[in-house]
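Here, each number is a calculation from the coordinates, and none is a lab measurement. Predicted, not measured: the structure shown is a model, and the values here were computed from it. Positions of Cβ are backbone-derived with ideal geometry, glycine not excepted, and every protein chain shown enters the neighbour counts.
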């Protein structure tokens, strides 16, 4: 499995937006993205940092329900 790239919070938000997520609010250094899908709401907080750590990015991927390859 390939190593995850270093992504900023805004780059992650762009990937999430391309998969149906939209920004619902900002507070401090966090952006909250949300998607309604088949009667379910998925909410993912994204830190607005220059570089996200690998563990943080993996957590966002898990919470969003998207594939890891969508972020590579």
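Checked against the criterion of being in a strand (DSSP E or B) and either within 16 Å of residue 70 (Cα to Cα) or in contact with a helix residue (DSSP H, G or I) (Cβ under 8 Å, 6 or more places away or on another chain) (or both), the candidates 32, 15, 46 yield just one match: 46.
The single condition among (1) surrounded by 12 or more Cβ atoms within 10 Å (Cβ to Cβ); (2) free of Cβ contacts under 8 Å to residues at least 24 places away in the same chain that residue 9 does not meet is (2). Restricting the first residue to the range 48-66 and requiring it to be touching a residue at least 24 places away in the same chain (Cβ under 8 Å), which pairs with a second residue that is exposed (fewer than 14 other Cβ atoms within 10 Å of the Cβ) and assigned to a loop (DSSP other than H, G, I, E, B) meet a Cβ separation below 6 Å and a spacing of at least six or different chains? Matching pairs, first to second residue: 48/29; 51/6. Scanning the range 19-27 for any residue that is in a helix (DSSP H, G or I) and in contact (Cβ under 8 Å) with a residue 24 or more places away in the chain turns up nothing.
Among the residues making up the range 49-72, those that are outside any helix (DSSP H, G or I) and more than 17 Å from residue 17 (Cα to Cα) are 49, 50, 51, 52, 53. If you take the residues of the range 45-72 that are farther than 15 Å from residue 8 by Cα and touching a strand residue (DSSP E or B) at 6+ places or on another chain (Cβ under 7 Å), which of them is surrounded by the most Cβ atoms within 10 Å (Cβ to Cβ)? The extreme case among them is 64.
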